[in-house]
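In what follows, a single structure is set out as structure tokens and then discussed.
The values are calculated or read from the model by the stated rules, or taken from the named source; none is laboratory data. Since this is a predicted model, take the numbers as computed values, not measurements. Positions of Cβ are generated from backbone atoms using ideal geometry, with glycine treated the same way; all protein chains shown enter the neighbour counts. SASA here: full protein model, heavy atoms, side chains in, ligands and nucleic acids out. Shrake-Rupley method; radii C 1.70, N 1.55, O 1.52, S 1.80 Å.
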Amino acid sequence: MNFRALNWTSKTNFKSYLNTMARNIEIKARITSVDALALKAAKLADSEPIYLSQDDTFFKCDTGRLKLRTFSEHAGELIFYQRAIQAGPKESFYVISRTSEPATLREALTLAHGQDGRVIKKRTLFLMGQTRIHLDVVERLGHFLELEVVLSEGESSEFGVQIAHHLMTQLGVTRGQLVEAAYVDLLADLKAS
């Protein structure tokens, strides 16, 4: 696809491009303890947990969110995504590009676009079928659960929402715990208050 030929100001062109992107259904919820929920998640998971340190730098972007996720000095991912701002399950479209030089990429993107925020967290990742269960300890924000139900080609959003609701029930997460905003927005609100 020739990206220069796309007219990004046209919603029709952008929406047709989104159809070629990976997608998932996501929920985020405040929890009291990652450790307590990890016991429940472990019983549902297909494998042992994976422990990750993540440093996400967000950049100004008019058509969605652009973030550089750094895992280590030599491992990172540039992620562009779009999703609705709502408390319940929401569809997300995304593209991921891996990098072995996250520091240089962060510098280039900062110079080109400017930073829009930073989120540092420890993540415990469980895999269950097509769902990624994230248990996050986010600096300055606390403990959270994220569910990402990865949708295959042809699977409806409604199918992913059903899986997310079922997992919420299995994990004992209520609708009252759901969070509408992204971590970067919650941190910006905290800074502003």
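Descriptive notes on the structure:
- The condition of being among the polar types (S, T, N, Q), without any contact (Cβ under 8 Å) to a residue 60 or more places away in the chain and over 28 Å from Gly129 (Cα atoms) does not hold for Thr57.
- Single match in Arg140, Arg132 (criterion: among the charged types (D, E, K, R) and either assigned to a strand (DSSP E or B) or open to solvent by less than 30 Å² (accessible area, probe 1.4 Å) (or both)): Arg132
- Number of the exception - Ser33 against (1) surrounded by fewer than 18 Cβ atoms within 10 Å (Cβ to Cβ); (2) at pLDDT 95 or above; (3) among the small types (Gly, Ala, Ser); (4) closer than 16 Å to Glu148 by Cβ: (4)
- Where Pro89 falls short, out of the listed (1) under 19 Å from Leu186 (Cβ atoms); (2) out of contact with any Gly (no Cβ under 8 Å at 6 or more places or on another chain); (3) not aromatic (Phe, Trp, Tyr): (2)
- Residue among Leu141, Leu125, Leu167 that alone is modelled with pLDDT of 95 or more, out of contact with any Phe, Trp or Tyr (no Cβ under 9 Å at 6 or more places or on another chain) and over 16 Å from Arg23 (Cα atoms): Leu167
- Within the range 113-129, the set of residues being open to solvent by less than 60 Å² (accessible area, probe 1.4 Å) and in a strand (DSSP E or B) comprises Gly117, Val119, Lys121, Arg123, Thr124, Leu125, Phe126, Met128.
- Total residues in the range 143-171 satisfying the condition of being open to solvent by less than 50 Å² (accessible area, probe 1.4 Å) and in contact (Cβ under 8 Å) with a residue 60 or more places away in the chain: the figure is 16.
- Residue that is farthest from Arg23 (Cα to Cα), among those in the range 76-94 that are in a loop (DSSP other than H, G, I, E, B) and open to solvent by less than 30 Å² (accessible area, probe 1.4 Å): Gly88
- The condition of being part of a helix (DSSP H, G or I), open to solvent by 60 Å² or more (accessible area, probe 1.4 Å) and modelled with pLDDT under 50 holds for only one of Lys15, Lys40, that being Lys15.
- Taken together, the criteria place Ser97 among residues that are in a strand (DSSP E or B) and loosely packed, with under 15 Cβ neighbours inside 10 Å.
- Scanning the range 172-193 for residues that are charged (D, E, K, R), assigned to a loop (DSSP other than H, G, I, E, B) and open to solvent by less than 60 Å² (accessible area, probe 1.4 Å) yields nothing.
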